[in-house]
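A.B. asks: I have a structure here, written as structure tokens, and I will follow up with some questions on it.
Read the figures in this text as sums done on the coordinates, not as results from a lab. Source: prediction; values computed, not measured. FYI the Cβ positions are ideal-geometry reconstructions off the backbone, even for glycines, and counts take in every protein chain you see.
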Amino acid sequence: MDKIVLKNMRFRSFSGVLQKEKSEGQDFVVTLTLELPVIPGCRTDKLSDTVDYGKVFSMTRDYVENTSCDLIEYMAENIILRIMRSFSLIERITCEIQKPTAPIDGTFDYMSVIIDRSRKELEEIL
């Protein structure tokens with residue numbers, strides 16, 4: 001499998017379970033790994049024969065910054081669905097969402113969730 005990785009994209013969102021998270025907002029760090037059987041663009045050198053990661057970045061930013069949800073699990077699943085619907089070349093996506101400032105009393109780098117979905121697993125809802 002070929003992979004395209006968009007690593008540590010940082011966006012501001014007003015998501016979270018607590019009212020403070022929804023009113024004050026916080027940063028979310030998103031990493032996407034897009035898996036394709038073979039990227040045709042490897043042989044053709046044409047943008048139309050690959051996944052435009054600029055568009056994936058924009059789609060992800062638009063969703064995270066303009067949607068308020070309680071769970072990062074929900075956020076990750078919906079990012080995956082939107083990208084899968086737009087790019088038929090992608091067979092699998094892994095989405096990690098980190099909350100570096102999660103409202104938890106203690107010392108940590110971040111809290112995160114990693115959701116991994118294949119096109120086959122999602123075929124009913126795509």
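A.B. asks: Please compute the contact order of the chain in relative form: average sequence separation of alpha-carbon pairs under 8 Å and at least six residues apart, divided by the residue count, as a percent. Mind dumping the intermediate values first?
C.D. replies: Numbers: 216 pairs, mean separation 34.6, N = 126.
Over the chain, the number comes to 27 percent.
A.B. asks: Another question about this same structure. May I ask you to derive the FRET efficiency for ASN78 and TYR53 from their Cβ-Cβ distance with R0 = 30 Å, giving the value to the nearest 0.05?
C.D. replies: 0.95
A.B. asks: Could you point to the residue in MET9, ILE72, GLY54 farthest towards the positive end of the chain's charge dipole, with +1 and -1 charges on the Cβ of Lys/Arg and Asp/Glu respectively?
C.D. replies: The residue sitting farthest along the positive end of the dipole is GLY54.
A.B. asks: Let me ask something else. Once you have the alpha carbon radius of gyration of the chain, what is it after dividing by 2.2 N^0.38 Å, with N set to its residue count?
C.D. replies: The value comes to 1.12.
A.B. asks: Using 25 Å as the Cα-Cα cut-off, could you pick out the over-long pairs in LYS3/LYS55; LYS20/LYS55; LYS3/LYS46; LYS3/LYS120?
C.D. replies: Numbers: LYS3/LYS55 16 Å; LYS20/LYS55 31 Å; LYS3/LYS46 17 Å; LYS3/LYS120 17 Å.
Violating the 25 Å limit, Cα to Cα: LYS20/LYS55.
A.B. asks: Another question, if that's okay. Using per-residue counts of other Cβ atoms within 10 Å, averaged over each peptide, order 65-78, 43-56, 90-103 from highest down.
C.D. replies: Ranking the peptides 65-78, 43-56, 90-103 by packing returns 90-103, 65-78, 43-56.
A.B. asks: Give me a comma-separated list of calculated 3J(HN,Hα) values for the range 20-36, in order, Karplus coefficients 6.51, -1.76, 1.60 applied at θ = phi - 60°, integers in Hz, x for any Gly or Pro.
C.D. replies: 4, 5, 6, 8, 8, x, 6, 7, 10, 10, 10, 10, 10, 10, 9, 10, 10
A.B. asks: So what's the back-of-envelope 222 nm ellipticity for the chain, counting only DSSP H runs of four-plus at -39500 (n - 2.57) apiece and dividing by all residues, rounded to 500?
C.D. replies: -9500 deg cm²/dmol
A.B. asks: Could you state the angle between the C-alpha long axis of helix 72-86 and the longest principal axis of the C-alpha atoms of the chain, as a value from 0 to 90 degrees rounded to the nearest 10?
C.D. replies: With both axes taken from Cα atoms, the answer is about 20 degrees.
A.B. asks: On full extension of the chain, what length is gained from THR44 through SER68, given 0.36 nm per residue of separation minus the C-alpha to C-alpha distance?
C.D. replies: Gain on extension, THR44 to SER68, equals 4.6 nm.
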